[in-house]
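Participant: Structure in structure tokens, see below.
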Amino acid sequence: MLAILDYKAGNQTSVRRALDHLGIPCRITNDPDQLASSLGIIFPGVGAAGQAMDELTRTGLDTLLKRQVDAGKPLLGICVGCQILLDYSPENDTKALGIIPGECLMFNRALRDEDGAPIRVPHMGWNRLSLEKPCEILDGIEPEAEFYFVHSYYPNPDPAFVLATTSYGVRFCSLHGRPGLWAVQFHPEKSGRPGLKLLSNFYEYCRRLGHAQ
Amino acid sequence: MLSKRVIPCLDVRNGKLTKGVKFKGNIDIGDPVETARIYYEEGADEIVFYDITASSEGRGIMLDVVDKVASKIFIPFSVGGGITTVDDMRAVLLAGAEKISVNSAAVKNPDIVSQGAAAFGSQCIVVGMDVKSVPVSETIPSGYEIVIHGGRKFMGLDALDWAKTVEALGAGEICLNSIDADGTKEGYELTLTRLISENVGIPVIASGGAGAPAPQADALTQGKASAALIASIVHYGEYTIPQIKKYLSGEGVKVREVW
């Protein structure tokens, strides 16, 4: 069973629909026992970093998440859930979870795309990943596959944690983490077959780890 | 690099497609859910549903359609038509759509755009603009005027001013429909598309009149649009989405080719 973290800033139902489609057992929950007994946690997010952090601290889920990660629970952060794993986001001047070292940056509207036109913000639509380090949640996904992005801020973690990058006026980190702790700036639940494959890779990792334990 | 998007548009009335979509073998499908699933499989980058149901009873049927679509396709989709309040928006988003689009409702009540953006984020709010070419005047300096009711009612609003206004109000995207080009299959209105695209910082979807892939390539290159809305070209089986994407790619337009 995967746990989809239930907090007000999430897009839990989209993630649940994708997992249901894949036949992956899951539960939307904020119950500490259910989170602890899950094989892995998906930490979704839409909206603003400030609201998301406020909700996590108000409910104590911030401490709970950190404890679960420290205990080795696999975690997949999505979009805002990817950004607030870092130390800080300038969006609403937000002190974030600090699970992965680094901070978020905002796209600079003065940047230009490959055609020389100013970039439009938010970065919205389909874009590719360029792999920086081997990453098992991308197993079986073609290098030309594209993922769906919608964001105005992007993660800028410690380079040791950069797993894949994407180009949009600037080359930014679109996937960061380490084995068992992944954060994706794009929305795998809205990225068609490659996105669904990433979610099932995450589940398979969690299952293997669960069996090993 | 961001790909240009190819977006089929489906008109729905009382939970059924207004025109059956012809797929290979002339199989006529009237079910919006099944049609969306097929376009998803064929590589559509996004799907737009336009609900032309008038009754409130029909609105409930549309929410049911949205919920079913959201369980079958895993790409973004938007819903427009008849959305006039933040509560309407919330219902559609909760049913599983990524975005909602407002057109005449925004012209009549521009606050709906800012209210929607504040409640759900700009990325959720698409403003549809129906535009007609008119003589340049003091009120319409661009020579393009906003119209509603399928082009029958002129609103005295300059299209370029309106585009900048909705961006300032918090719209995340503009769907630009040229009434002059719509349905003629002669191509998108390139001058208009380029004018709006160059003067706003949010993505513009070009809509209205493409019966072949060449005008789409023009709208995405010369017109500087981020996406092209397509309807009859695919609904009547003249071209498939993979054929259109292959053509665009051959013309040097960056599109998503693996799905």
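The values are calculated or read from the model by the stated rules, or taken from the named source; none is laboratory data. Here the structure is a predicted model, which is why all the values come from computation and not from measurement. All Cβ positions, even for glycine, are placed from backbone atoms using ideal geometry, and neighbour counts span all protein chains on display.
Participant: Which one of these is surrounded by fewer than 21 Cβ atoms within 10 Å (Cβ to Cβ) and within 14 Å of another protein chain (Cβ to nearest Cβ): A:ILE28, A:ILE78?
Facilitator: Criteria check complete, one pass: A:ILE28.
Participant: Report whether or not A:VAL69 is under 17 Å from the mean Cα position of the chain (by Cα), touching a residue at least 60 places away in the same chain (Cβ under 8 Å), closer than 24 Å to A:GLN12 by Cβ and within 14 Å of chain B (Cβ to nearest Cβ).
Facilitator: no
Participant: Looking at B:ILE146, B:ILE112, which is the one that is within 19 Å of the chain's Cα centre (by Cα), β-branched (Val, Ile, Thr), at pLDDT 95 or above and farther than 30 Å from A:ALA48 by Cβ? Spell out how you get there, then give the answer.
Facilitator: Numbers: B:ILE112 fails: farther than 30 Å from A:ALA48 by Cβ.
Criteria check complete, one pass: B:ILE146.
Participant: Among the listed residues B:GLY30, B:GLY15, which satisfies the condition of being modelled with pLDDT under 85 and closer than 24 Å to B:GLY82 by Cβ?
Facilitator: Checking each option against the conditions leaves just B:GLY30.
Participant: Any idea which residue in segment A:96-120 is nearest to the other protein chains (Cβ to nearest Cβ), counting only those that are surrounded by 15 or more Cβ atoms within 10 Å (Cβ to Cβ) and outside any loop (DSSP other than H, G, I, E, B)?
Facilitator: So the residue we want is A:CYS104.
Participant: Let me ask something additional. Between B:GLY208, B:GLY252, which is surrounded by fewer than 23 Cβ atoms within 10 Å (Cβ to Cβ), at positive phi and not acidic (Asp, Glu)?
Facilitator: Of B:GLY208, B:GLY252, the one residue that is surrounded by fewer than 23 Cβ atoms within 10 Å (Cβ to Cβ), at positive phi and not acidic (Asp, Glu) is B:GLY252.
Participant: Still on this model: Filter segment B:218-241 down to residues that are over 17 Å from the mean Cα position of the chain (by Cα) and within 14 Å of chain A (Cβ to nearest Cβ) and give me whichever is farthest from A:PRO143 (Cα to Cα). Quick ask: steps written out before the conclusion?
Facilitator: Taking segment B:218-241 as the starting set, the residues that turn out to be over 17 Å from the mean Cα position of the chain (by Cα) are B:218, B:221-222, B:236-240.
Remaining after also requiring within 14 Å of chain A (Cβ to nearest Cβ): B:221-222.
Numbers: B:THR221: 26, B:GLN222: 29 Å.
Among them, the one singled out is B:GLN222.
Participant: Next question. Tell me the strands (runs of 3 or more DSSP E) entirely within segment A:134-213 that contain at least 3 residues that are within 24 Å of A:ALA49 (Cβ to Cβ) and touching a Lys or Arg at 6+ places or on another chain (Cβ under 8 Å). Spell out the reasoning first.
Facilitator: Values: elements: A:146-151, A:153-157, A:162-167, A:171-178, A:181-184.
Ranges flagged: A:162-167.
Participant: Here's another thing I want to ask about it. Taking segment B:68-91, which residues are under 19 Å from B:ASP31 (Cβ atoms) and either surrounded by fewer than 18 Cβ atoms within 10 Å (Cβ to Cβ) or of a type in the set (A, V, I, L, M, F, W, C) (or both)?
Facilitator: B:VAL69, B:ALA70, B:SER71, B:LYS72, B:ILE73, B:PHE74, B:ILE75, B:PHE77, B:VAL79
Participant: Limited to segment B:113-168, what total is found for residues that are under 23 Å from B:ASP51 (Cβ atoms), away from chain A (no Cβ under 14 Å) and outside any helix (DSSP H, G or I)?
Facilitator: Number satisfying all stated conditions: 11.
Participant: Additional query: If I filter segment A:60-68 for residues that are of a type outside the set (Asp, Glu) and within 18 Å of A:THR166 (Cβ to Cβ), do I get at least one hit? So that I can check it myself, show each step before the final result.
Facilitator: Taking segment A:60-68 first, the residues of a type outside the set (Asp, Glu) are A:60-61, A:63-68.
Keeping just the survivors that are within 18 Å of A:THR166 (Cβ to Cβ) gives none.
No, every residue in segment A:60-68 fails to be of a type outside the set (Asp, Glu) and within 18 Å of A:THR166 (Cβ to Cβ).
Participant: Right, next: Given (1) in a strand (DSSP E or B); (2) within 15 Å of A:LYS73 (Cβ to Cβ), identify the lone condition not met by A:GLN34.
Facilitator: Status for A:GLN34: all satisfied but (1).
Participant: A:LEU129 fails exactly one of the following numbered conditions: (1) more than 14 Å from chain B (Cβ to nearest Cβ); (2) crowded, with 22+ Cβ neighbours inside 10 Å; (3) over 26 Å from B:ALA171 (Cα atoms). What is the number of that condition?
Facilitator: Among (1) more than 14 Å from chain B (Cβ to nearest Cβ); (2) crowded, with 22+ Cβ neighbours inside 10 Å; (3) over 26 Å from B:ALA171 (Cα atoms), A:LEU129 violates only (1).
Participant: Those residues that are surrounded by fewer than 24 Cβ atoms within 10 Å (Cβ to Cβ), in contact with a strand residue (DSSP E or B) (Cβ under 6 Å, 6 or more places away or on another chain) and of a type in the set (Ser, Thr, Tyr), I need them from segment B:30-67; list them, please.
Facilitator: Hits for segment B:30-67 are B:THR35, B:TYR50, B:THR53.
Participant: Which of (1) within 14 Å of chain A (Cβ to nearest Cβ); (2) of a type outside the set (Val, Ile, Thr); (3) surrounded by 24 or more Cβ atoms within 10 Å (Cβ to Cβ) does B:GLY201 not meet, given it meets every other one?
Facilitator: (3)
Here is a yes/no grid of residues against (1) over 25 Å from A:CYS206 (Cα atoms); (2) assigned to a helix (DSSP H, G or I):
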{"position": "A:GLU55", "(1), (2)": "yes, yes"}
{"position": "A:ARG58", "(1), (2)": "yes, yes"}
{"position": "A:GLN68", "(1), (2)": "no, yes"}
{"position": "A:GLY77", "(1), (2)": "no, no"}
{"position": "A:CYS82", "(1), (2)": "no, yes"}
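So that you can scan it fast, the table gives a plain yes or no per residue for (1) at pLDDT 95 or above; (2) in contact with a His (Cβ under 6 Å, 6 or more places away or on another chain); (3) under 14 Å from B:ASP51 (Cβ atoms); (4) not hydrophobic (A, V, I, L, M, F, W, C):
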position	(1), (2), (3), (4)
B:GLY81	no, no, yes, yes
B:ASP88	no, no, yes, yes
B:VAL92	no, no, yes, no
B:ALA106	yes, no, no, no
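Participant: Within the bounds of segment A:139-148, is there any residue that is hydroxyl-bearing (Ser, Thr, Tyr), farther than 26 Å from A:GLY72 by Cα and within 14 Å of another protein chain (Cβ to nearest Cβ)?
Facilitator: yes
Participant: Please go through segment B:72-112 and pick out each residue that is more than 10 Å from every other protein chain (Cβ to nearest Cβ) and at positive phi.
Facilitator: B:GLY81, B:GLY82
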